[in-house]
Structure formats: structure tokens, C-alpha cells
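The structure appears below as C-alpha cells.
The values are calculated or read from the model by the stated rules, or taken from the named source; none is laboratory data. Because the structure is predicted, anything quoted here is derived from the model rather than measured. Methodologically, a virtual Cβ is constructed for each residue, glycine included, from the backbone with ideal geometry; neighbour enumeration extends over all protein chains shown. Only protein heavy atoms, including side chains, enter the accessible area calculation; ligands, DNA and RNA are left aside. Shrake-Rupley method; radii C 1.70, N 1.55, O 1.52, S 1.80 Å.
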Amino acid sequence: MEQSFIMIKPDGVQRGLVGEVICRFEKKGFHLKGLKLMNVERNFAEKHYEELNTKPFFEKLIEYIISGPVVAMIWEGKNVVTTGRKIIGATNPSESAPGTIRGDFAVEMGRNVIHGSDSVQSAKKEIALWFPDGPVNWQSSISHWVYE
Ligand code: DAT
Ligand code: MG
């Protein structure tokens, strides 16, 4: 089953949005397969965002990600990568639709509350980086009420 790496950024943690974010993924029918609250080191944040390291906003982005604890999660379910990005909303909160996490809770690109993997391939890479021991092995006992 497909998995995505979802991270609540420091602003989301500070603003008390952890429960709200988890609630949206849970209620959708996705299953939580990994969860931890952690402070990330600069090197680690740079590795996570290595594809953006030539962008002019890179340094600001790293400072933001290391400015407080983040909640790192693995979510599992059918099309969770694409659907997770829809739940999260567009990168720039001024363009994120109402009803999305960024559309409902964010104003600025540099304070956009949450990260979600942009492809199955990057999800695999990000999960390996953030969860070197892999996901927690469990199966939801109500899966047959979500999946036909
Ligand atoms: P996303 O987080 O939607 O996957 P991304 O991977 O392109 O977006 O960029 C990572 C983060 O970097 C994004 O959440 C906010 C920030 N960012 C992206 N583009 C930016 C820009 N043009 N100016 C400032 N910050 C930007
Ligand atoms: Mg991205």
C-alpha cells in the first residue's frame, strides 16, 4: 500500500495544529504508520530539502524548519501521496483552496504549516531519511469499511 511522508512544520506545532492535521488524514481513511516529534539539525533539514538548495529562499526555508520541533509522520492508503497533497493545498497559501490545510490555516509561503511528499519516489526517499527503522507494522481492523 502506498505511503507518504507528512511533516507538520514548526509553525503548525507552535500554533497547536497537530491534532487538526492528524484528524484530517485520519478521518479521510488513511492509516498512521509512523509518528514522532523532533527537533531537526541544520544538516538534516538541508538533506530533506536538498533538491531546493540552489533556490534563493533555501536558507530562509532551512532556518524556518529548524526553528522548533516538527511532527514527522508516515501515512498509508490508496493514492495517499496525491490525495495528501490535495488535503494540504497549494504551496502558496494565497492560492490554496479553502478546505485545504494551507487554505484554512496559512497566509504566507514561509509559514505554510505542513510538508507532504510530491511523488511516490520522493515519499520513499523521505521515509527512509526520517524513519530509518521503517514504518510501524500494524493493520487497521476497520480497513474493510474504507476500502471495497
Ligand atoms: P511544497 O512544500 O508545496 O512541496 P516545494 O517543495 O516547492 O513546495 O517547496 C518547499 C517549501 O519551500 C514550500 O513549502 C515553501 C518554500 N517555498 C517554495 N517556493 C518558494 C518561493 N518561491 N519563495 C519562498 N518560499 C518558497
Ligand atoms: Mg515539496
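Ligands, DNA and RNA excluded, the heavy atoms of residue 49 present near 20 Å² of accessible surface to a 1.4 Å solvent probe. Near residue 96, the amide H atoms lying under 5 Å from its own belong to 90; only residues 5 or more places off or on other chains count, and H is placed 1.01 Å from N.
Coordinate range of the alpha-carbon atoms in the chain per principal axis, descending: 46, 35, 26 Å.
With the whole protein complex present, residue 85 retains an accessible surface near 100 Å², based on a 1.4 Å probe. Toward the positive end of the charge dipole of the chain, with +1 on the Cβ of Lys and Arg and -1 on the Cβ of Asp and Glu, the farthest Cα among 35, 132, 66 is that of 35.
Annotation: the antiparallel percentage among DSSP beta bridges lying fully within the chain is about 95. Here the dipole of region 46-148 is about 140 debye; that uses its Cα centre as origin and unit charges on the Cβ of Lys and Arg (positive) and Asp and Glu (negative). Structural descriptor for the chain: relative contact order 35 percent, calculated from alpha carbon pairs under 8 angstrom and at least 6 residues apart. Output the 0 to 90 degree angle, nearest 10, between the alpha-carbon long axis of helix 120-130 and the longest principal axis computed from the alpha carbons of the chain. Tilt of helix 120-130: around 70 degrees.
Accessible area of residue 28 (1.4 Å probe, protein heavy atoms only, ligands and nucleic acids ignored): about 120 Å². Ordered from largest to smallest accessible area (heavy atoms of protein chains, 1.4 Å probe), the residues 148, 95, 46, 59 come out as 148, 95, 59, 46.
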